[in-house]
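The values are calculated or read from the model by the stated rules, or taken from the named source; none is laboratory data. Quick caveat, the model's predicted, so the values are computed rather than measured. Glycine also receives a Cβ, built like all others from the backbone with ideal geometry; neighbour counts cover every protein chain displayed. We work out accessible area using only protein heavy atoms, side chains counted, and drop any ligands, DNA or RNA first. Shrake-Rupley method; radii C 1.70, N 1.55, O 1.52, S 1.80 Å.
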Amino acid sequence: AVKSSTTLRNSTTTLAADPDLIISGLALATWYKVTCYVCWNGNGSTANGLAARLNTTDGLMYSAFYLSNTNVAAGNSDPTANVSGGIPSGFNKLPNYAGASDRLIIEAVILTNGSGSPAVFLEWAQSVSNATNTRVTESSYISVSKL
């Protein structure tokens, strides 16, 4: 699944599913590798940032891995922290001060279970609530491969 347009969020730290970065209809009792490439922008704010995590319905997540890339050319550092509860509970990325796009790559392995219709999706919000939008932009994607 690939984002075709930017999603904006402001004044919220409540994680919510991205409207585009979701894959549903996965088979039950099956192992999958998930890769999510997130292109995000703090819109020039020094106060907001990105909080993100992969989530799944009717599944168990294993071995979540979060890797960020900050716009180092603009002199930014790369401060990161796990959300309380640790991975796979999520990832906090502090603001990208120049407002340039940053990248977040999340990889995980999931085992679908239950009796529903398994799906995997990206949830995100601001890491610090701020009136300036945090944006997840076009070309972000999520992919799933059966193991």
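Annotations
- Accessible surface, 1.4 Å probe, highest first, among residues 26, 8: 8, 26
- Accessible area in the full protein assembly, largest first, 1.4 Å probe, for 107, 123, 138: 138, 107, 123
- FRET efficiency for the residue 111 to residue 131 pair, using the beta carbon distance and R₀ = 25 Å, is estimated at 0.05.
- Applying 0.36 nm per residue to the separation of residue 10 and residue 146 and subtracting their alpha-carbon distance, the gain on full extension is 45.4 nm.
- Added length on full extension, which subtracts the Cα-Cα distance from 0.36 nm per residue, residue 65 to residue 29: 10.8 nm
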